[in-house]
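Take a look at the structure set out below.
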Amino acid sequence: MDIARPDLARKKKLRQSLYAVVSVIVVVLITVGVSRLEPAAPRVDRDTIYLDTVQRGPMVRQVRGTGTLVPEQIRWIPATTDGTVERIVIRPGALVSPDTVIVELSNPEVEQTALEARLNLDAAEARYSNRQVEVERDILNQQSALATVEAQLKTARLQADADEQLFAQGLVSSLELQKSQAAVQEYDTRFRIEQERLQMATDTVEAQLAVEQAEVDRLRTLHELREQQVADLHVRAGMPGVLQQVPLDEGQRVTTGTNLARVGDPTVLKAELRIAET
C-alpha cells in the first residue's frame with residue numbers, strides 16, 4: 001500500500017523552480033556578455049593579399065591583361081538632315097580620304113527646297129538688275145534735262161546781251177530787254193534746280209539699291225544653305241583613315257543626328273586593356 005509523501009512533492013517542485021530561475025539567469029548573462037564582445041576581425045585568404053611595410057609615396061601594382069589596339073582619333077559621322085539610305089557606297093575596312101562618299105541619302109523635300117531657293121535667288125537678282133537699270137536711266141534722264149536747261153540758259157544769255165546792245169542803240173524797247181533778262185533768270189534758276197536733282201539722284205544710287213541688294217544677299221545665303229543640305233545627302237568621311245562601321249541598311253530611314261558611319265585613323269593607336277577587378 002502506497003503512502004503519500006507531501007514533503008517530497010514540495011521538494012521536487014522547489015527544485016524545478018530553482019532550475020528554471022538559474023537557466024534564465026544564465027541565458028541573460030550569456031546575452032549580455034556576447035553583446036559586449038568586440039566584433040571579430042574579417043578573415044581573408046593569405047594568397048590574395050600582399051604584405052609589406054607601410055611607406056609614404058606612390059604604390060605601383062603591375063598587372064597583366066588582354067586587350068586590343070584602337071585608333072586614338074575616331075570620328076562618328078552624323079546625319080545633318082533627314083533622309084532615306086539609297087546606297088551604301090563602301091563597306092567597313094576600306095581606306096577613305098576626306099572626300100570619300102560612304103553613304104548616299106535621298107530626300108525629295110530637301111532637293112525641292114534647294115530648287116525653290118535657287119529660283120527665288122534668280123528672281124531677286126533679276127529685280128536688282130532691273131532696279132539698277134531704272135536708277136541708271138533716271139540719272140541719264142536727269143543729265144539730259146540738265147543739258148537742255150543749260151543750253152536754254154546760254155541762249156537766253158546771248159539774247160539778253162544782244163537786246164542790251166540793241167536797246168542802247170534804240171532799236172528795241174525796254175520791255176523786250178526786260179523779257180530777255182527775265183528769261184535769263186528763269187533758266188538760271190531751273191539750271192541750279194536740275195543740278196541739285198542730278199546730284200541727289202547720284203548720291204542716292206546706293207540707297208535706292210540697298211533694299212534689293214539686301215534681299216539678294218538673304219536669298220543667296222539661304223540658297224547656299226539649301227545646296228549644302230543637298231550636298232550632305234552624299235555622306236563623306238571628312239578625314240583620312242579606315243572605315244570602321246556603317247550601322248545602316250539600304251532603304252532605312254534616318255533622322256538628323258543619327259550616326260551613319262565611324263572612321264578611325266590607323267596611324268596613331270592606343271591599347272585598350274581588360275583588367276579583372278581582383
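The values are calculated or read from the model by the stated rules, or taken from the named source; none is laboratory data. Nothing here was measured: the structure is a model prediction, and the numbers come from that model. Cβ placement follows ideal geometry from the backbone for every residue including glycine, while neighbour counts extend to all protein chains displayed.
For LEU248, are the conditions met, namely being under 30 Å from GLN112 (Cβ atoms), modelled with pLDDT of 95 or more and hydrophobic (A, V, I, L, M, F, W, C)? Can you show your working first?
Values: under 30 Å from GLN112 (Cβ atoms): yes; modelled with pLDDT of 95 or more: no; hydrophobic (A, V, I, L, M, F, W, C): yes.
So LEU248 does not fit the description; no.
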(1) surrounded by 13 or more Cβ atoms within 10 Å (Cβ to Cβ); (2) of a type outside the set (D, E, K, R); (3) not assigned by TED's automatic domain parsing to the domain that holds LEU219 all hold for PRO98 apart from (1)
If I ask for residues that are over 30 Å from THR204 (Cβ atoms) and either surrounded by 15 or more Cβ atoms within 10 Å (Cβ to Cβ) or not assigned by TED's automatic domain parsing to the domain that holds VAL216 (or both), which ones from region 132-165 would you list? ALA156, ARG157, GLN159, ALA160, ASP163
Quick one: which residue in GLU116, GLU186 is out of contact with any Lys or Arg (no Cβ under 9 Å at 6 or more places or on another chain), surrounded by fewer than 15 Cβ atoms within 10 Å (Cβ to Cβ) and either in the same structural domain as ARG218 (by TED's automatic domain parsing) or at positive phi (or both)? GLU186
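Go through region 68-105 and give me each residue that's outside any strand (DSSP E or B) and among the aliphatic types (A, V, I, L, M). If you could, list the steps in order and put the result at the bottom.
Filtering region 68-105 down to residues outside any strand (DSSP E or B) leaves 72-73, 79-82, 89-94, 97-100.
Answer for region 68-105, where residues must be outside any strand (DSSP E or B) and among the aliphatic types (A, V, I, L, M): ALA79, VAL89, ILE90, ALA94.
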Scan region 244-260 residue by residue and report those that are in contact with a Leu (Cβ under 8 Å, 6 or more places away or on another chain) and either among the acidic types (Asp, Glu) or part of a strand (DSSP E or B) (or both). VAL254, LEU260
Which number in (1) out of contact with any strand residue (DSSP E or B) (no Cβ under 6 Å at 6 or more places or on another chain); (2) surrounded by fewer than 15 Cβ atoms within 10 Å (Cβ to Cβ) marks the one condition that THR80 misses? (2)
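Got a sec? Which of LEU177, LEU171, LEU209 is under 30 Å from GLN132 (Cα atoms) and either at pLDDT below 90 or outside any strand (DSSP E or B) (or both)? Full working, then the answer.
Details: LEU177 fails: under 30 Å from GLN132 (Cα atoms); LEU171 fails: under 30 Å from GLN132 (Cα atoms).
It is LEU209.
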List every residue pair whose Cβ atoms lie under 8 Å apart, where the two residues are 6 or more positions apart in sequence or sit on different chains, the first residue falls within region 65-80 and is assigned by TED's automatic domain parsing to the domain that holds LEU248, and the second residue, located anywhere, is exposed (fewer than 13 other Cβ atoms within 10 Å of the Cβ) and among the polar types (S, T, N, Q). PRO78/THR256; ALA79/THR255; ALA79/THR256; THR80/THR256
Scan GLN213, GLN244, GLN195, GLN199 and give me the residue that is within 30 Å of PRO78 (Cβ to Cβ) and either free of Cβ contacts under 8 Å to residues at least 12 places away in the same chain or among the polar types (S, T, N, Q) (or both). GLN244
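Could you tell me whether VAL230 is in contact with an Asp or Glu (Cβ under 7 Å, 6 or more places away or on another chain) and either charged (D, E, K, R) or not in a loop (DSSP other than H, G, I, E, B) (or both)? Explain how you work it out, then say what you get.
Numbers: in contact with an Asp or Glu (Cβ under 7 Å, 6 or more places away or on another chain): yes; either charged (D, E, K, R) or not in a loop (DSSP other than H, G, I, E, B) (or both): yes.
For VAL230, the condition - in contact with an Asp or Glu (Cβ under 7 Å, 6 or more places away or on another chain) and either charged (D, E, K, R) or not in a loop (DSSP other than H, G, I, E, B) (or both) - is met.
Given the criterion assigned by TED's automatic domain parsing to the domain that holds GLU134, within 30 Å of GLU150 (Cβ to Cβ) and of a type in the set (A, V, I, L, M), identify the matching residue among ALA207, ALA214. Before you say what the answer is, go through the steps one by one.
On the way: ALA214 fails: within 30 Å of GLU150 (Cβ to Cβ).
The match here is ALA207.
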Quick check: is even one residue across region 108-126 out of contact with any Leu (no Cβ under 8 Å at 6 or more places or on another chain), farther than 30 Å from VAL235 by Cα and free of Cβ contacts under 8 Å to residues at least 24 places away in the same chain? yes
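Could you grab me the full set of residues in region 262-278 that are of a type in the set (Asp, Glu) and assigned to a strand (DSSP E or B)? Break it down stepwise before answering.
Pass one, region 262-278, residues of a type in the set (Asp, Glu): 265, 272, 277.
Result: GLU272, single match.
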